[in-house]
Amino acid sequence: SQQGEEDPQALSIQEGENATMNCSYKTSINNLQWYRQNSGRGLVHLILIRSNEREKHSGRLRVTLDTSKKSSSLLITASRAADTASYFCATDDTGFQKLVFGTGTRLLVSP
Amino acid sequence: GAGVSQSPSNKVTEKGKDVELRCDPISGHTALYWYRQRLGQGLEFLIYFQGNSAPDKSGLPSDRFSAERTGESVSTLTIQRTQQEDSAVYLCASSLVGGRSSYEQYFGPGTRLTVT
């Protein structure tokens, strides 16, 4: 079963704008990860944030984690057309050594 | 270095036939995962191998699905008597696993299975 739920399901913006995606999950976690998927094929790891961290940056990506609300957000600043993809959050239930992926947000960045 | 590879990249088969999908993980990665992704959907966990431990098969949807892994190398996912609802992209991933925290997963390009 899927633990994470991304919101919104789809997002359409113009180049240069910021894109924010949210993820909610249900159980206690060790860490939360964000992945990108282009064209329905393999996923690419973007960033990992541990349960004792509240914010993490990587280039134009900013991830926040609120364990009290069981939620995370991914912010992509100054978006580019090449950022067009589906974005998934993934959590590891503390009881299991495997990731559970959310339903994904489809991002479309128009030139 | 080489990433995760999967073969074939595309497979079209007739309903009722068996298919075998292959995954070559990154060398040294002890954990290997299979996922299924139907069109426009999220990833559905199928099975997880970790070293020599018994695999976690909790995600396999029916007894028509099975998977094997030879040591910490190649894995094959077999679907017997394929049905049209088996049509999907099958993704394999590998990772390092330490303690009780999972690490980032490295995905292969997937096998797109179409059952006609």
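Coordinate-derived values only; no laboratory data. Since the structure is predicted, the reported quantities are computational estimates derived from the model, not experimental observations. All Cβ positions, even for glycine, are placed from backbone atoms using ideal geometry, and neighbour counts span all protein chains on display.
Within the set of other residues whose C-beta is less than 13 Å from the C-beta of B:LEU96, count the net charge using Lys and Arg as +1 and Asp and Glu as -1.
It works out to a net charge of -2.
Ignoring solvent entirely, what values of log10 I(q)/I(0) come out of the Debye formula for region B:24-67 at 0.17 Å⁻¹ when each Cα is a single scatterer?
After summing over all Cα pairs, the log10 values are -0.53.
When N is the residue count of region A:43-82, what does its C-alpha Rg come to as a fraction of 2.2 N^0.38 Å?
Relative to the rule-of-thumb radius for its length, region A:43-82 sits at 1.25.
Mean-square fluctuation check for chain B, GNM, Cα pairs under 10 Å: which of B:ASP86, B:ASP63, B:ASP18 is largest?
Taking springs between Cα atoms under 10 Å, the residue moving most is B:ASP63.
Taking the dipole about the Cα centre of chain A, with the C-beta of Lys and Arg at +1 and of Asp and Glu at -1, give me whichever of A:LEU65, A:THR27, A:LEU46 is farthest to the positive side.
In chain A, that residue is A:LEU46.
Please report how many Lys pairs in the protein assembly as shown have alpha carbons closer than 20 angstrom, counting only residues at least 8 apart along the chain or sitting on separate chains.
Step by step, the pairs that qualify in the protein assembly as shown add up to 7.
Let me test this: with uniform point scatterers at the alpha carbons of chain B, what is the Debye-based log₁₀ I(q)/I(0) at q = 0.11, 0.17, 0.21 1/Å?
Debye output, listed in q order: -0.33, -0.77, -1.16.
Taking the Kirkwood radius as the inverse of the mean 1/r across Cα pairs, report the Rg/Rh of region A:16-94.
0.96
Once you charge only the Cβ atoms, +1 for Lys and Arg and -1 for Asp and Glu, what is the size of the charge dipole of region A:1-63 about its Cα centre, to the nearest 20 debye?
280
How large is the dipole of chain B about the Cα centre if only Lys and Arg carry +1 and Asp and Glu carry -1, each at its Cβ, rounded to the nearest 20 debye?
It comes to approximately 180 debye.
Treating the beta-carbon of each Lys and Arg as +1 and of each Asp and Glu as -1, no other charges, what is the dipole magnitude of region B:2-56 about its Cα centre, to the nearest 20 debye?
180
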